[in-house]
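Structure first, then comments.
Here, each number is a calculation from the coordinates, and none is a lab measurement. Treat the numbers as computed from the prediction; the structure is a model and nothing was measured. Neighbour counts run over all protein chains shown; Cβ positions are idealised from the backbone, glycine included.
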Amino acid sequence: MDSDFLVFLAILFGVLPVVFLAMAYGYRCRACGSLSHGFKSDKAGDRDTGNAYLVCRKCGDKQIMGKVESDGSVVWFSGGSGKFDESGGYTGDAGGVFGDGGGGDGGGGGE
Ligand SMILES: [Zn+2]
């Protein structure tokens, strides 16, 4: 095993948590400060106003994070897209900040 590779791994695993924390901090709930907000927020859409929200699971605070079309399709400001069905359920390829909308975690990082 090349020792350079081990150094690389050490740096990688040293940096990842910091990046992860920085992202969590950046997307924290503005109302209650929950750091899990960016990872575990519910999605809600209001077709009347055309706003799509991320809803904090801790305090229920809504932040406008995207746009809803009249047919229920959503475009998130962060780049993902998805769709709300008639009952308000959400399906999407990359809804929200971390792409958790489709059920996959997408990150590949260890727990
Ligand atoms: Zn909150």
Quick one: 3J(HN,Hα) in Hz for region 55-65, Karplus 6.51/-1.76/1.60 with θ = phi - 60°, rounded, Gly and Pro as x.
10, 5, 6, 8, 10, x, 5, 9, 10, 6, 10
When 7, 74 are arranged by how many other beta-carbons sit within 10 Å of their Cβ, fewest first, they go 7, 74
Give the residue list of chymotrypsin sites (Phe, Trp or Tyr not before Pro) in region 57-88 that are DSSP loop and have at most 13 other beta-carbon atoms within 10 angstrom.
77
Between residue 59 and residue 9, what's the calculated FRET efficiency when r is the beta-carbon distance and R0 is 30 Å? Round to 0.05.
0.20
Along region 72-77, what does the Karplus equation 6.51 cos²θ - 1.76 cosθ + 1.60 (θ = phi - 60°) give for ³J(HN,Hα), rounded to whole Hz, x for Gly and Pro?
x, 6, 10, 10, 7, 4
